[in-house]
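Only one structure is covered here, and it is reproduced in the block below.
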């Protein structure tokens, strides 16, 4: 079956539109605290619904157990974690783009987001080919990624994004300021006198002195003067800016929905592994339970209250008695 979900083995297991209600026993067992702790710092992934959804077959449970075993392998975890961080960086670019007022600046941030996505997905596909997962979920993902990364549409997006990034980086221009007038021209190999000026005034420097040089702003947004300069630059290089505009319109839905879903769902596993790490460092052991659809018998040895154990492990960490 083609890859569809890293959390759900069958389409019938997919989440319903509405978030399930929290069962009463969650509070009794402090599982509500466990869920909140695991989801902490991951609000953008909306993991709460997954913690509340029960699975109804042995196969569905085993599907997740197999994926989790794979993710406990250091190489697999690093590859997945790196892709997740890159996808988050991509979303931050898009968020920044949506906050900006000026067209070409928004488009440049959008282009950066596409470039991050393309590079991250290509690298992740290559890494997955070098890994040896055992779970049906990650094996299916690896096959899907390989096909997607080789597709003509994705390759074209990669090529266009990289070409645009490179060509925009080569744009050179000069700003001429005389009084209140600003003129922008193409760069024509004018000499840079900055080094000569610095050398001339260096001999007047005596010991530590106050630096009166103006520092460039690091804010993402531009003021109206910078925006007008950019508009003039776009008129100097109309072809590249037309291509940028065309690229943004054609690739407004560039993220593959299956990979978008994977990026969200895989956080379910990563959140759990992060949650239990301090407890494992404290010497507590975790295992994969055997489940049965035919018996309600429950048998557990050396069990412990996970909510209490998590609290105690955090206390040890704050006291400097536990590191991981």
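The values are calculated or read from the model by the stated rules, or taken from the named source; none is laboratory data. Computed from a predicted structure; not experimentally measured. Ideal geometry is used to build each Cβ from the backbone, glycine not excepted, and the neighbour counts take in all protein chains shown.
Among the listed residues 10, 66, 107, which satisfies the condition of being modelled with pLDDT under 95 and either exposed (fewer than 15 other Cβ atoms within 10 Å of the Cβ) or in contact with a helix residue (DSSP H, G or I) (Cβ under 9 Å, 6 or more places away or on another chain) (or both)? Of 10, 66, 107, the one residue that is modelled with pLDDT under 95 and either exposed (fewer than 15 other Cβ atoms within 10 Å of the Cβ) or in contact with a helix residue (DSSP H, G or I) (Cβ under 9 Å, 6 or more places away or on another chain) (or both) is 10.
Given the criteria under 18 Å from residue 265 (Cβ atoms) and in contact with a helix residue (DSSP H, G or I) (Cβ under 7 Å, 6 or more places away or on another chain), does residue 32 qualify? In short, no. In region 234-247, which residues are touching a residue at least 60 places away in the same chain (Cβ under 8 Å) and closer than 30 Å to residue 154 by Cα? Scanning region 234-247 gives 234, 237, 240, 241, 243, 244, 245, 247.
Could you tell me whether residue 184 is surrounded by 10 or more Cβ atoms within 10 Å (Cβ to Cβ), touching a strand residue (DSSP E or B) at 6+ places or on another chain (Cβ under 7 Å) and either modelled with pLDDT of 75 or more or not in a loop (DSSP other than H, G, I, E, B) (or both)? Judged against the criteria, residue 184 is a match. Residue-level analysis places residue 315 outside the set of residues that are farther than 18 Å from residue 29 by Cβ, more than 31 Å from the chain's Cα centre (by Cα) and modelled with pLDDT under 90.
Is one or more of the residues making up region 44-61 part of a helix (DSSP H, G or I), touching a residue at least 60 places away in the same chain (Cβ under 8 Å), surrounded by 15 or more Cβ atoms within 10 Å (Cβ to Cβ) and out of contact with any helix residue (DSSP H, G or I) (no Cβ under 6 Å at 6 or more places or on another chain)? Yes, that holds for at least one residue.
Taking the conditions exactly as written (at pLDDT below 90 and in contact with a helix residue (DSSP H, G or I) (Cβ under 8 Å, 6 or more places away or on another chain)), does residue 175 satisfy them or not? Against the criterion (at pLDDT below 90 and in contact with a helix residue (DSSP H, G or I) (Cβ under 8 Å, 6 or more places away or on another chain)), residue 175 qualifies. Look at region 292-304: where a residue is farther than 18 Å from residue 276 by Cα, no partner that is in a loop (DSSP other than H, G, I, E, B) and modelled with pLDDT under 90 sits 6+ places away or on another chain with Cβ atoms under 6 Å.
Table: residues versus (1) surrounded by 10 or more Cβ atoms within 10 Å (Cβ to Cβ); (2) farther than 30 Å from residue 164 by Cβ.
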position	(1), (2)
240	yes, no
244	yes, no
257	no, no
265	yes, yes
278	yes, yes
284	yes, yes
299	no, yes
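Of note, residue 41 satisfies the criterion of being closer than 21 Å to residue 279 by Cβ and outside any helix (DSSP H, G or I).
Has region 83-100 got at least one residue that is surrounded by fewer than 16 Cβ atoms within 10 Å (Cβ to Cβ), farther than 25 Å from residue 142 by Cα and in contact (Cβ under 8 Å) with a residue 60 or more places away in the chain? Scanning region 83-100, I find at least one residue that is surrounded by fewer than 16 Cβ atoms within 10 Å (Cβ to Cβ), farther than 25 Å from residue 142 by Cα and in contact (Cβ under 8 Å) with a residue 60 or more places away in the chain, so the answer is yes.
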